[in-house]
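Reviewing the structure listed below.
The values are calculated or read from the model by the stated rules, or taken from the named source; none is laboratory data. Because the structure is a prediction, the values reported are computed rather than measured. Neighbour counts are summed over all protein chains in view; Cβ atoms, including those assigned to glycine, are modelled from backbone coordinates with ideal geometry.
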There are 2 protein chains.
Amino acid sequence: MALGERNEKILQAVIDSYILSGIPVASSVLCQRYDFGLSSATLRNIMAELEEMGFLTHPHTSAGRVPTDKGYRYYIDTLVSVEDEAEEFEDRFSAAPRLGGGDLHALMEDASRFLAALSRNAGVVVAPAEPEGSYRHIEFVRLRGRQVLIIFVTASGLVQNKLIDLDESIDQQALNTFSRFLDEELESHSLSDIRKRLQEKLGEEKRVFIQLMDETYQASHDVHGRDAEKVFVGGAAQVLDHPEFANVEKMKTLLRAFEDKYKLLKLLDMSIAAEGIKVFVGSENPYFEMQGCSLVVGKYRAAGNVVGTLGVIGPTRMQYRQAIQVVDYTSRLLSRILDERLHRGIEGK
Amino acid sequence: MALGERNEKILQAVIDSYILSGIPVASSVLCQRYDFGLSSATLRNIMAELEEMGFLTHPHTSAGRVPTDKGYRYYIDTLVSVEDEAEEFEDRFSAAPRLGGGDLHALMEDASRFLAALSRNAGVVVAPAEPEGSYRHIEFVRLRGRQVLIIFVTASGLVQNKLIDLDESIDQQALNTFSRFLDEELESHSLSDIRKRLQEKLGEEKRVFIQLMDETYQASHDVHGRDAEKVFVGGAAQVLDHPEFANVEKMKTLLRAFEDKYKLLKLLDMSIAAEGIKVFVGSENPYFEMQGCSLVVGKYRAAGNVVGTLGVIGPTRMQYRQAIQVVDYTSRLLSRILDERLHRGIEGK
DNA sequence: TTTAGCACTCTGTTGGTTAGAGTGCTAAGC
DNA sequence: GCTTAGCACTCTAACCAACAGAGTGCTAAA
């Protein structure tokens, strides 16, 4: 669907204007504010043409033009160029509040708020999904009685722990030995394999180790986290300042969508396979039933591997250029922070 | 401000009716639905009297009566009795979804959602505030290189950890010795004292221990958590279903209040000194500038000590009886769960 | 192909009218 | 003196009509 260069320019002007002001764009406004060297009547004809093609629409007869989802799509695909301003943007925000400091939870929450603050929309972050069983190191600490703390250090350097209770007491020496054994095994086998082998090999007298192994296996699932806990939404209240949510019903629908973490997770993960940053305009996304909302999604990495997604949710009338830049910037920032955490202690401070 | 028994009954009827229906209560409605043996005219006189005294008010001349904050206050203080139904309530909800399972974060989030679901309002939980430096046990685990994981077991049995980097390497043996030393010292001294003493006692050759001590002291603050992270709000979207928030502005104000975790924290902690469950009606609370909202706050314990607060936020037109029951029930439930965690491993499963 | 002009349509606002709800007051009844 | 019936009064919410303004679509001319 190629438009002429002139029509393309006009489509861009209409969308730019609408995104900026939020009011339907009249031919006369276009004529005054942009220098096309055309009269409002001509612009009117062209706009009618663009409407014919499905890029624009009409709230009612005597109203100006408004972009359709298809219009936004075209706009994003061919009219928004990010690279030009990426550098400048980086400078502008390098002084932004630093993320990090606290634990992973806090980092994710900070990141979602960061996205929200920069984009003036809602920020969403999905916490790192470690490929199950990718542990670099598992440590056991005997606390008191039969209580043992299992510490998992994941492949991307994140530390998580789980407290368990054993049926029998076990001394720290034995726990250390078991930890070293596991570390060696983990290089070539999965936890589940090791567990199976151990069950066959160890006799009844070593029951406590079998239990320890079972609990470790269990715990590895637990620390992996419930899906719903891995989605962080920041700045939900400020999205509602956009006039498109002035309607109470729309407001509530959006808020409910934000609370349905599971769906959000699905939605963001959809784009994990795609290259770079992906934009879903309005009805383009299957999960997010909310009409009139767009989603800009990116990915972040740890040690070079994609470990999570993050994005911005706002009205279809969104500052896409800015949103894309913010997502891009934040994803790189977050990746850098995770990498720093990962390498800390290996290469010194 | 004592009302006669009859007037009290009528005030109660008005408030009950208003809480139930949300529409201003007319004298005729009161006459039909309640059996006072009085005509609507008499009821009208009495309601005018109650208005005179400040318990009721009038949206406009030709509307029914609506309770004032003072009215609600009287209602709660003298007309709501909880005990009668507490048992029955317990039965009704003992089959409710169990809390717990995940880590502390997850538990708090679950609890806030639990409160929200049962009360049909927003649920708020403030995570346990450990008195600073109240550690039962501190453990160090050498991970790799100069990286050390510090594990804190707090007085209420919660486990938290922090990863640090040392300037020099240190072996696990030494870490264990240091851990035992700390545990002994902690029985009679604060971390800060121990740190000071250590700095004086240890010479330059033991610099790494001084660093370890410093980092531990630092970390004890970090794991203590940033205040803002300790407030969990559940069910924010569903409060907005109440007709009093049909107005967009009110909706936004409330949502912003929910996002201002710091203020929420202050607000809930205000009631920590009070006995039992406390209700703030409308403008009674100084922090929460939101008019038209009430707050029911309770406390929960671990090992017998109050460690956190939790509550329900909704419109002043709230089912107070139910809300109080829900808060009461949840606080006991949460206390029980924390106690279970605490004692696990000491007395066996 | 572009443009000026104009009729047409739709929206949002304003003002006026009306029905209904519920009170406050007065005067009569127990 | 308390209660009640009756009625006038007030305020709201809904409906309607009128109207100004915005912006288009179309026609005809440049």
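Filter segment A:32-58 for residues that are within 11 Å of DNA strand C (Cβ to nearest atom) and surrounded by 18 or more Cβ atoms within 10 Å (Cβ to Cβ) and give the result.
A:L43, A:I46
I'm checking my understanding of the structure. Among residues of segment A:159-170 that are without any contact (Cβ under 8 Å) to a residue 60 or more places away in the chain and under 20 Å from A:R136 (Cα atoms), which one is surrounded by the most Cβ atoms within 10 Å (Cβ to Cβ)?
A:V159
Here's the yes/no breakdown for (1) crowded, with 18+ Cβ neighbours inside 10 Å; (2) touching a helix residue (DSSP H, G or I) at 6+ places or on another chain (Cβ under 6 Å); (3) at pLDDT below 90; (4) aromatic (F, W, Y):
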site	(1), (2), (3), (4)
B:A219	yes, no, yes, no
B:A237	yes, yes, yes, no
B:L254	yes, no, yes, no
B:A273	no, no, yes, no
B:G276	no, no, yes, no
B:F288	yes, yes, yes, yes
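Got a sec? Which of B:V29, B:V14 is more than 14 Å from every other protein chain (Cβ to nearest Cβ) and near DNA strand C (Cβ under 9 Å from one of its atoms)?
It is B:V29.
Looking for something at pLDDT below 80 and part of a strand (DSSP E or B) - is there at least one such residue anywhere in segment B:163-181?
Within segment B:163-181 (the criterion being at pLDDT below 80 and part of a strand (DSSP E or B)), the answer is yes, since at least one residue qualifies.
Could you check how many residues of segment B:265-317 are farther than 28 Å from B:F55 by Cα and of a type in the set (F, W, Y)?
Number satisfying all stated conditions: 1.
Any idea which residue in segment A:54-66 is nearest to the other protein chains (Cβ to nearest Cβ), counting only those that are touching a residue at least 40 places away in the same chain (Cβ under 8 Å) and either away from DNA strand D (no atom under 13 Å from the Cβ) or among the basic types (K, R) (or both)?
Quick first cut of segment A:54-66, residues touching a residue at least 40 places away in the same chain (Cβ under 8 Å) only: A:55-56, A:64-66.
The next check asks that each one be either away from DNA strand D (no atom under 13 Å from the Cβ) or among the basic types (K, R) (or both); those that pass are A:55, A:65.
Details: A:F55: 31, A:R65: 27 Å.
It comes out as A:R65.
Pairs under 6 Å by beta carbon, first residue surrounded by 15 or more Cβ atoms within 10 Å (Cβ to Cβ) in segment B:171-193, partner part of a helix (DSSP H, G or I) and of a type in the set (S, T, N, Q), six or more apart or different chains?
B:L191/B:S220
Check B:L264, B:L268, B:L295 and return the single one that is within 14 Å of chain A (Cβ to nearest Cβ), under 12 Å from the mean Cα position of the chain (by Cα) and in contact (Cβ under 8 Å) with a residue 24 or more places away in the chain.
Every option except B:L264 fails the conditions.
If I filter segment A:303-314 for residues that are touching a Leu at 6+ places or on another chain (Cβ under 7 Å) and surrounded by fewer than 20 Cβ atoms within 10 Å (Cβ to Cβ), do I get at least one hit?
Yes, there is a match, as at least one residue in segment A:303-314 is touching a Leu at 6+ places or on another chain (Cβ under 7 Å) and surrounded by fewer than 20 Cβ atoms within 10 Å (Cβ to Cβ).
Filter segment A:243-261 down to the residues that are within 16 Å of A:G292 (Cα to Cα), within 11 Å of chain B (Cβ to nearest Cβ) and not basic (K, R) and list them by number.
Matches in segment A:243-261: A:P243, A:F245, A:A246, A:N247, A:V248, A:E249, A:M251, A:T253, A:L254, A:L255, A:A257, A:F258.
For every residue, the table says whether it meets (1) without any contact (Cβ under 8 Å) to a residue 12 or more places away in the chain; (2) among the basic types (K, R); (3) more than 10 Å from DNA strand D (Cβ to nearest atom).
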| residue | (1), (2), (3) |
| --- | --- |
| B:E8 | no, no, yes |
| B:I15 | no, no, yes |
| B:Y18 | no, no, yes |
| B:Y34 | no, no, yes |
| B:L38 | yes, no, no |
| B:T42 | yes, no, no |
| B:N45 | yes, no, no |
| B:A48 | yes, no, yes |
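Going by what's in this entry, would B:E204 be described as away from chain A (no Cβ under 14 Å), modelled with pLDDT of 85 or more and out of contact with any His (no Cβ under 7 Å at 6 or more places or on another chain)?
In short, no.
Is it fair to say A:G100 is at pLDDT below 75 and at the interface with another protein chain (Cβ under 9 Å from one of its Cβ atoms)?
No, not satisfied.
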